[in-house]
1. In the set Thr433, Thr454, Thr404, which member is assigned by TED's automatic domain parsing to the domain that holds Met376, modelled with pLDDT of 80 or more and not in a strand (DSSP E or B)?
2. Working only within the stretch 249-273, note down all residues that are surrounded by fewer than 24 Cβ atoms within 10 Å (Cβ to Cβ) and part of a loop (DSSP other than H, G, I, E, B).
3. Need the failing condition index for Val176 against (1) aliphatic (A, V, I, L, M); (2) modelled with pLDDT under 95; (3) crowded, with 18+ Cβ neighbours inside 10 Å, just the number.
4. Could you check how many residues of the stretch 206-236 are hydrophobic (A, V, I, L, M, F, W, C) and within 12 Å of the chain's Cα centre (by Cα)?
5. Name, by its number, the condition in (1) at pLDDT 85 or above; (2) surrounded by 20 or more Cβ atoms within 10 Å (Cβ to Cβ); (3) within 22 Å of the chain's Cα centre (by Cα) that does not hold for Gly344.
6. Could you count how many residues in the stretch 69-92 are surrounded by fewer than 19 Cβ atoms within 10 Å (Cβ to Cβ) and more than 28 Å from the chain's Cα centre (by Cα)?
7. Farther than 27 Å from Gln252 by Cβ, at pLDDT below 80, part of a loop (DSSP other than H, G, I, E, B) and out of contact with any Lys or Arg (no Cβ under 7 Å at 6 or more places or on another chain) - does that describe any residue in the stretch 274-290?
8. Does Arg187 satisfy the criteria of being out of contact with any His (no Cβ under 6 Å at 6 or more places or on another chain) and in a loop (DSSP other than H, G, I, E, B)?
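The values are calculated or read from the model by the stated rules, or taken from the named source; none is laboratory data. The structure presented is a predicted model; accordingly, all values stated were derived computationally and were not measured. Every residue, glycine among them, receives a Cβ derived from its backbone with ideal geometry; neighbour counts consider all protein chains shown.
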Amino acid sequence: MTNKFRLLATCLLLPQRPAWSLVCFLLLTHVGRGDSPVVSVRDIKDLEPALKQLTERGGEIYLAAGVHVVTKPIKIRSNITLRGAGFATKLVAGPDLNDNVIVNATGKHGNENIRILDLSIDGNRHQQWCGDPALYEQSKGNGLFFEKVDSLSIAGVKIENCNGSGVFLGSQCTAVNIDKSIFRKNRLYGIEIEGSGSSDIVISCSTIKGNMIGGLVARGPQFRNGPVGLRMIGCNIEDHRNDTGVKCAGLQDTILVGNRIDKAIEAGVEVRHMKRFVFSGNIITRVDDGQAGYGNGAAMSITGTPFDTDYANKHVLLGNNIFAECMGGPYFEASSNEFGSNIGRGYVVIGNISADHVRVGLAAHQTKGVVVVGNMILDVGGRPSAPGAEIAGIVLTDRTEGYTVMGNVIYDLREERRFPSDHGIRISATKNTLIGGNLIGMMKQEPCWLNPATARDVLLFQNLINCKPSEERFYGDK
């Protein structure tokens, strides 16, 4: 309640005398001048004059329902709210705009307290510049473009058909809230977050669908020093057939909870160079690129690169997720540098369901210090894989180290097992690893296969294989 309405309520309780009425009138007039004004605009040509008439204190612009053709970017200053009448207020990029529809009027020190509410944007990309998206400037062709903004709210907005991304957040964007919005059919991403110095970005209850490259991308320069404190909660990300649903690189303190990711090519979620990453309560389905590698078409891919051992994936928690009907389940890889160092470490994988994949339930290369406990890996082998490609529940290979694999259920429960798994657990080129207390059953070949020539200090103990206790086996120097 504003000061004006508080005072009005007080005046109504006072004695009904002429003197009191005059006092109340004067006070209400004075206080009303101090409130942030609301300016109604019916035509887009009146929007810029309306923005100019607002003082530095700001205010709200209400843009009426209708189709409004934008011929140059709309610049929003600090303390401004631009509100429409829901999706009935539609901003359409004019032919050959070749620029962003809405931007912040960045000053020397940026902006603060900007809100974009209850409207829709059509980027009209088929009448914009049509070159290679990889050569197109990131700062052009987006529905919303913001950088150096503290306290930004985007809610009840639909953005589609942009030549760039639906929303582009550049460097130094802090306290950002994107809620109950739709981003679809844009040429690059639904939401793109680039640059360094950004923090506390929350994306919630939104739909990101059918964008040409991917759903959400968030990254820092050269995969490091990206946003801190990104949270994505309760979103639906689907139908990204050229790349990934969600891609994050170089972020810290990131939480993705309660999202649904469906239909992607390379991976449902791809992360690299992350520190302190929590992924919990999500569902990833139908990711498949048709290739045979363990990391191809993975529900989730956690990878590194060989040139940066100081900024690797560290401290990752995957808990209580469902991965289903993909080429493979979660995939961990940290590409070796020139000295052969393993650089991905400190993962906990607990309480997940990984089921109905084509090739593998969980696979790991070149990572160390990983706990895989209490997961269910079911019915792997949904269709013929590539010739010579084994189908397995869990695969540890290529210099994995320090794994604890315990208390997992790896089973094929299908009545018709046309393409059963070859192995429950497949181990090679692995060292310092415990495999114990797992339930493994209904495999076509050996339920727990290990290459004794490449395994070093690996202990298998108290696994229940095809309803029978397994013998304890140790591979390495006694």
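1. Testing whether each residue is assigned by TED's automatic domain parsing to the domain that holds Met376, modelled with pLDDT of 80 or more and not in a strand (DSSP E or B) leaves just Thr454.
2. Gly250, Gly258, Ile265, Glu266
3. (2)
4. So the count comes out to 8.
5. Going through the list (1) at pLDDT 85 or above; (2) surrounded by 20 or more Cβ atoms within 10 Å (Cβ to Cβ); (3) within 22 Å of the chain's Cα centre (by Cα), Gly344 breaks only (1).
6. So the count comes out to 6.
7. yes
8. yes
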